[in-house]
Amino acid sequence: MSWLPHSHFTHSDSIVHRMRPDVKLACAFALILATALAPGHWTAWYAAVFALLTGATLVSRVPLKFVIQRLLLLSPFILAIAAVNAFHPDVRTPWQVVAAKSLLSLLAVLLVTLTTPFGKILQVLRRAKVPALLITTMALMHRYLFVLADESERMQRARLSRTFRKRKGIWWRLSASVVSQLFVRASQRAERIYDAMCARGWK
Amino acid sequence: MHIPDGFLDGKTAGVAAALSVCGVGMALRQVKRELPPRKTSLLGLSAAFLFAAQMVNFPILGGTSGHLIGSALITALLGLAPAIVVMTAVLIVQCFLFSDGGVVALGANVFNMAVLGCVTAHFSFHAARRAMPGTRGEVAAVAFAGWCAVVAGAITCAAQLAWSGRLPWTTAFPAMALLHMLIGIGEGLISALVYLAIVRARPDLANTSSPTHAPPWTSVTLGMAVALGIAIFLAPFASTLPDGLESVAQRFGFEHAAVAPPVSAPMPDYEVPGISWSVGATAVAGAAGTVIVFLLALALGRLLVPRKQSATPG
Amino acid sequence: MSPAIEVTDLRYRYHDGTEALRGITFSIERGDCVGLLGPNGSGKSTLLLHLNGILPEKARNTGHVRIMGEAVTAESLERVRRRVGLLFQDPDDQLFCATVEEDVAFGPRQLGLPEEEVQQRARDALARVGLRDYGHRATHHLSQGEKRRACLAGVLTCKPDILVLDEPTSGLDPRGRREFKTLLREIHATRLIATHDLELVVELCPRSIILDQGQIIADGPTRELLNDEELMLAHGLERPHILRHIHPH
């Protein structure tokens, strides 16, 4: 599961990890909201938020390399906005402000998601009165993401091992059949999970 | 199409979030009322399926590859309300687990891809399905619905960016619409191929019963969809629309909450003839594209499904 | 005293009309440990799902299942499910919660027990299967053997009188198998074990039932059945090596 390093960090220990998840989420949300709504010329405010978040990131001992890699994924969006700004200097928000806002918000979200197990986030959402059906759906999704992703990888490998020349037409059909099999298996598994839930008293 | 934080201003994010809460709330209520208990676990597994399916690559041009987005496929398989719930779960998990898409922008993302995406897919699917009988019609309809859902979501995304003052509408609309008219072709093709393979393997899994009984919910969404459709297709011609929205915002006092313009007040650039022409041209291309894609979808259905198999509807 | 499990002329058809069970009749006394053998697709899993009242929901079946003397009906379903603990074949189907602790506590929470009791039961069950410090581990990071033991703990927290196990040792390495066998031996509930692991049956179950094509082919003392080479080969099984050394014919 090299494509998903998140869960490796959520169980280390630091002040940020030990913070109550609901407090942490509320703080992050307030910070992101304030950053999103702050006027463009509040440079000091952006600097303060940046200092706070960088400090927290360092304290939490989340690998910086990973955080930076993730932040770089934002750059295409920011470059696009910057390019448009170059041709339309009359747009109300200059691209630097958009870039600052999105980088800071992403840093805040990353810090929360990297230091809080997803189950805890779900608990907070449940207490915040998010409908139970949506919570159950997300909990099951989170539980079986990895199972299905592994299943898909195994299927693709098995199919590729019998594909001798990768022609595009064949590749499309292979990929479509992998995805369709994935759905068939997911729905069969859904039935078995429902049985298992019933066997232990689900109502 | 996941909008990151910082790209929307307060009023846009707020309005989009309110619309999403309404849409998802209605979908949840409908699911609770009508979904058999045995299918509860299918929602979560479908969400996990979409996530895993998005990691399967389809080669496009040169070294690039695309992947399934899935709102049309899941709408065709599960029905409208469950599909909205599933897509919403996917977007929330992507936001909080992979920090994909912003937190303040979550409402807008849910609106574009879950609510509007699935509603568009649902109505375009059921409308296009009537064009041809049997599995052929379904496959063609899924392809068409996949394209429509992607394009509709992209247009509202552009509108949100424009309304937030981050991009001029005259740039955002043509760029997003034209780009996603291309992406939508891939999405339609993938959705159709996957749908056909599922129906061949397990015909019982596709829930394609057309909405014959019409509870109030259907008429409400139909009304919403029609209104949205009109708005989407008329918006480009009414080049004063951003102004119109602005004046509404001013009347309701939103404007004070919005970001103060750091640069001097913008000269509305859509009055420049060349640029407003690009908006009009995009709208014409969109209308023509819809017809062409619809015909292509029908051809795809004929190509993929032999007449004999189509006779036994899945 | 009524038997723990009593099945009379049970028949079941799949949606496509295939007969999965064709008139099954047997009973198991309280405290017994019985092996259920048969080739793949012989109907073992289908039979086990009936004992927990999961399949009758889908209709298409006739016959009776009685658990501790009580017929399995819509009204008695909750009591039946509390009495019968079902261990599924694929541990990933059964561990549907994110952490081990949450999953193990799922049953007692559904029963509406007070939170301290739920916690206590979860701790006891985890200790019993040797996963004492695993409470906060994510279920998808466990090894196959740990997953299987976590499943067993999740069943044990409901304190069932009857334990029904579907291939409990498949996919385990020899050490995992040995550990799981030891665990099963220490549980004193009535046990019905469907498996291809013949050594497990020889060691744990004095009596065995052989199922093929939805019918009971043989029902008797394990050693006697497993030594009948002709019978075993005819139904996709074989005489286990362990018996060849003990009872050379």
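The values are calculated or read from the model by the stated rules, or taken from the named source; none is laboratory data. Every value quoted in this text rests on a predicted model; they were computed, and no experiment measured them. All Cβ positions, even for glycine, are placed from backbone atoms using ideal geometry, and neighbour counts span all protein chains on display. Heads up: the accessible areas ignore ligands, DNA and RNA and are worked out on the full protein's heavy atoms, side chains in. Shrake-Rupley method; radii C 1.70, N 1.55, O 1.52, S 1.80 Å.
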| note | The farthest towards the positive end of the charge dipole of segment A:7-127, of the residues A:Val23, A:Trp95, A:Leu79, given +1 on Cβ of Lys and Arg and -1 on Cβ of Asp and Glu, is A:Val23
| Long-range amide H partners of C:Ala218 with built H, under 5 Å | C:Ile210
| field | Taking chain C and dividing mean pair separation by its residue count, relative contact order in percent (alpha carbons under 8 Å, at least six apart) | value | 25 percent
| note | Computed ³J(HN,Hα) along segment C:33-50: with the Karplus parameters 6.51/-1.76/1.60, θ = phi - 60°, integer Hz and x for glycine or proline, the list is 10, 10, x, 10, 10, x, x, 4, x, 7, x, 4, 5, 4, 4, 5, 5, 5
| task | Obtain the nm distance between the two label points defined at B:Ala285 and C:Glu203 by a simple spin-label model: each point lies 7 Å from its Cα along the Cα-to-C-beta direction. | result | 7.1 nm
| task | Please sort through the DSSP H helices of chain A and keep those with an alpha-carbon extent of at least 20 Å along the long axis and a Kyte-Doolittle average not below 0.5. | result | A:21-37, A:43-60, A:95-115
| Say we join alpha carbon atoms closer than 10 Å with springs in a Gaussian network model of chain C; which of C:Gly23, C:Gly35, C:Gly112 then has the biggest fluctuation? | C:Gly112
| Alpha carbon centre of segment C:180-213 versus segment B:1-45: separation in Å? | 48 Å
| task | Go through segment C:136-145 residue by residue and turn each phi into a ³J(HN,Hα) via Karplus (6.51, -1.76, 1.60, θ = phi - 60°); whole Hz please, and just put x for glycine and proline. | result | 9, 6, 6, 4, 7, 9, 6, 6, 4, x
| query | Considering the zone a paramagnetic label at B:Arg307 would reach in this model (a point 7 Å from Cα along the Cα-to-Cβ line), which residues of segment B:129-148 have amide N under 17 Å from it? | reply | B:132-137
| task | Among DSSP beta bridges lying fully in segment C:65-200, give the percent that are antiparallel, nearest 5. | result | 25 percent
| field | Portion, in percent, of the accessible area of chain C that falls on carbon or sulfur, probe 1.4 Å | value | 47 percent
| request: Using the Karplus curve 6.51 cos²θ - 1.76 cosθ + 1.60 with θ = phi - 60°, work out ³J(HN,Hα) for each residue of segment B:66-79 in order, rounded to whole Hz, and write x for Gly and Pro. | output: x, 9, 5, 9, x, 5, 5, 4, 6, 5, 5, 7, 9, x
| task | Using only Cα atoms, locate the centre of segment C:47-98 and the centre of segment C:119-170, then give the distance between them in Å, rounded to an integer. | result | 19 Å
| Along the positive direction of the dipole of segment C:1-58 (beta-carbon charges: Lys, Arg +1; Asp, Glu -1; about the Cα centre), which of C:Leu48, C:Gly17, C:Ser27 reaches farthest? | C:Gly17
| field | Interface area, B with A, accessible, probe 1.4 Å, both sides summed, Å² nearest 100 | value | 6800 Å²
| query | If r is the Cβ-Cβ distance from B:Asp204 to B:Glu34 and R0 is 22 Å, what FRET efficiency results, to the nearest 0.05? | reply | 0.75
| If the limit is 32 Å between Cα atoms, which of A:Lys120/B:Lys32; A:Lys120/C:Lys159; B:Lys39/C:Lys44; A:Lys65/A:Lys129 go over it? | A:Lys65/A:Lys129
| said: Net charge within 13 Å of C:Ser27 by Cβ-Cβ distance, Lys/Arg positive one each and Asp/Glu negative one each, not counting C:Ser27 itself? | reply: -2
| Averaged over B:162-170, how many beta carbons belonging to a partner chain fall within 10 Å of each residue's beta carbon? | 4
| Can you give the extra length, in nm with one decimal, that the chain gains between C:Arg175 and C:Gln119 once fully stretched, where that is 0.36 nm per residue apart less the Cα-Cα distance? | 17.2 nm
| request: Report the label-to-label distance for A:Ile170 and C:Ala218 in nanometres (one decimal), using points 7 Å from each Cα along the Cα→Cβ vector. | output: 4.9 nm
| task | Kindly identify segment C:5-243 as rounded, prolate or oblate by the Cα gyration tensor criterion: order the square roots of the eigenvalues as a ≥ b ≥ c, call it rounded if a/c is under 1.5, otherwise compare a/b with b/c, prolate if a/b is larger, else oblate. | result | oblate
| Point-charge dipole on Cβ atoms (K/R +1, D/E -1) for chain C, about Cα centre, debye to 20 | 280 debye
| remark: GNM on chain A, Cα springs under 10 Å; top mean-square fluctuation among A:Thr43, A:Thr54, A:Thr35 goes to A:Thr43
| query | Counting only DSSP beta bridges with both residues in chain C, what percent are antiparallel, rounded to the nearest 5? | reply | 55 percent
| Under the definition of partner shielding as Cβ atoms of other protein chains within 10 Å of a residue Cβ, what is the mean value for peptide B:85-96? | 5
| message | If you count only protein heavy atoms with a 1.4 Å probe, what accessible area per residue comes out for segment C:5-243, rounded to a whole Å²? | response | 42 Å²
| In whole Å, what is the distance between the alpha-carbon centres of segment A:48-92 and segment C:20-46? | 62 Å
| task | With springs connecting C-alpha atoms under 10 Å apart, model chain C as a Gaussian network and identify which of C:Arg83, C:Arg132, C:Arg191 has the largest mean-square fluctuation. | result | C:Arg132
| Peptide A:106-112, shielding by other chains (average Cβ, 10 Å cutoff) | 4
| said: At 7 Å along Cα-to-Cβ for each site, give me the label-to-label distance between A:Leu33 and A:Leu79 in nm. | reply: 3.5 nm
| note | Heavy-atom accessible area of chain A with neighbours in place, 1.4 angstrom probe: carbon+sulfur share in percent works out to 67 percent
